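This report concerns only the one structure given below.
The values are calculated or read from the model by the stated rules, or taken from the named source; none is laboratory data. Keep in mind the model is a prediction, meaning the values are calculated, not measured. Neighbour counts are summed over all protein chains in view; Cβ atoms, including those assigned to glycine, are modelled from backbone coordinates with ideal geometry. To get the accessible areas, we keep the full protein, side chains included, count just its heavy atoms, and leave off ligands, DNA and RNA. Shrake-Rupley method; radii C 1.70, N 1.55, O 1.52, S 1.80 Å.
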Amino acid sequence: MNIILIGPPGAGKGTQAKFLEEKRGMCQLSTGDMLRAAIKNQDPLGMEAKSLMDAGKLVPDDLVVRMIEARISGPECGNGFILDGFPRTVPQAEALDAMLARHGKHLHAVIELVVDDAALVERVSGRYTCAKCGAGYHDKFKPTAKAGVCDVCGGTEFTRRADDNAETMKTRLKAFYDQTAPILPYYKAKGLLRQVDGMSAMTEVTAGIEAVLG
Ligand code: ADP
Ligand code: ADP
Ligand code: ZN
């Protein structure tokens with residue numbers, strides 16, 4: 001099954017993509033994660049993206065389209081893919097359609113995680129990640145079992161994203177409503193759009209997604 005998880009920053013896309021990866025063996029393709037890895041590795045592509053990301057603005061369409069196309073038919077995506085944070089503009093959605101046709105693939109569902117703006121700011125403000133294994137946490141909603149130690153790998157170093165602050169969130173939310181929300185009618189017209197309440201607890205959101213996927 002090939003799906004898109006769509007929703008504003010902090011909606012829970014990455015959290016839910018990880019569940020689906022574990023449960024169904026699908027691959028998570030997160031353009032945000034790929035861009036942060038490119039910055040960490042000091043790739044030229046990452047250098048191009050960094051200042052835009054720090055400001056909460058979208059990076060150019062062709063950059064993310066190329067990153068997705070390089071992965072979509074990879075062996076790790078044999079059980080289907082979860083697009084997380086892509087597409088984010090109508091031109092990206094159109095490029096995705098053309099790409100899927102070239103690869104003989106199609107989308108099964110576009111799942112929108114619906115979350116209030118106020119909750120989003122609280123979610124990104126408390127978000128942190130294990131530096132070693134990438135497991136995601138939250139100060140209030142999903143702290144590590146033992147303070148300062150990753151539940152998954154025992155790692156003791158954690159990172160917080162430079163753009164996860166209330167100020168940059170304003171720009172990121174605006175980018176979502178101005179540039180990404182117009183994709184929703186695009187997929188609705190294709191009969192692919194499903195809404196899931198993203199305000200409930202993580203396990204309940206997972207159940208909502210499972211109900212859509214069947
Ligand atoms: P996105 O990938 O959409 O930006 P994340 O999955 O990284 O969002 O979630 C943002 C933050 O909110 C993380 O710290 C995560 O642990 C937390 N979170 C995710 N889903 C929920 C939920 N249903 N309720 C409370 N907190 C959540
Ligand atoms: P979140 O999980 O909070 O929604 P992401 O990790 O998906 O955030 O994205 C972080 C930043 O990376 C974005 O603010 C943007 O600058 C850039 N980015 C990620 N994916 C895309 C995309 N598909 N198109 C344009 N910019 C992107
Ligand atoms: Zn870890």
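Just checking, how many residues over segment 1-47 are in a strand (DSSP E or B), hydrophobic (A, V, I, L, M, F, W, C), farther than 24 Å from Lys140 by Cα and out of contact with any Cys (no Cβ under 7 Å at 6 or more places or on another chain)? Write out each step before concluding.
Narrowing segment 1-47 to residues in a strand (DSSP E or B): 3-6, 27-30.
Next, only the ones that are hydrophobic (A, V, I, L, M, F, W, C) stay: 3-6, 27, 29.
After this cut, where a residue has to be farther than 24 Å from Lys140 by Cα as well, the list is 3-4, 27, 29.
Subset that is out of contact with any Cys (no Cβ under 7 Å at 6 or more places or on another chain): 3-4, 29.
Number of matching residues: 3.
Screening the candidates Gly104, Gly56 for the property of being more than 16 Å from ligand 3 (Cβ to nearest atom), over 25 Å from Glu21 (Cβ atoms) and either assigned to a loop (DSSP other than H, G, I, E, B) or open to solvent by less than 60 Å² (accessible area, probe 1.4 Å) (or both) yields one hit, Gly56. For Lys142, the conditions (1) surrounded by 13 or more Cβ atoms within 10 Å (Cβ to Cβ); (2) more than 16 Å from ligand 3 (Cβ to nearest atom); (3) under 21 Å from Ala17 (Cα atoms); (4) in contact (Cβ under 8 Å) with a residue 40 or more places away in the chain are fulfilled apart from (2). Of all the listed residues (Asp178, Asp163, Asp117), the sole one being among the acidic types (Asp, Glu), open to solvent by 60 Å² or more (accessible area, probe 1.4 Å) and in contact (Cβ under 8 Å) with a residue 40 or more places away in the chain is Asp117.
Where helices (runs of 4 or more DSSP H) fall entirely within segment 139-213, those with at least 3 residues that are within 16 Å of ligand 1 (Cβ to nearest atom) are at 166-175, 202-213.
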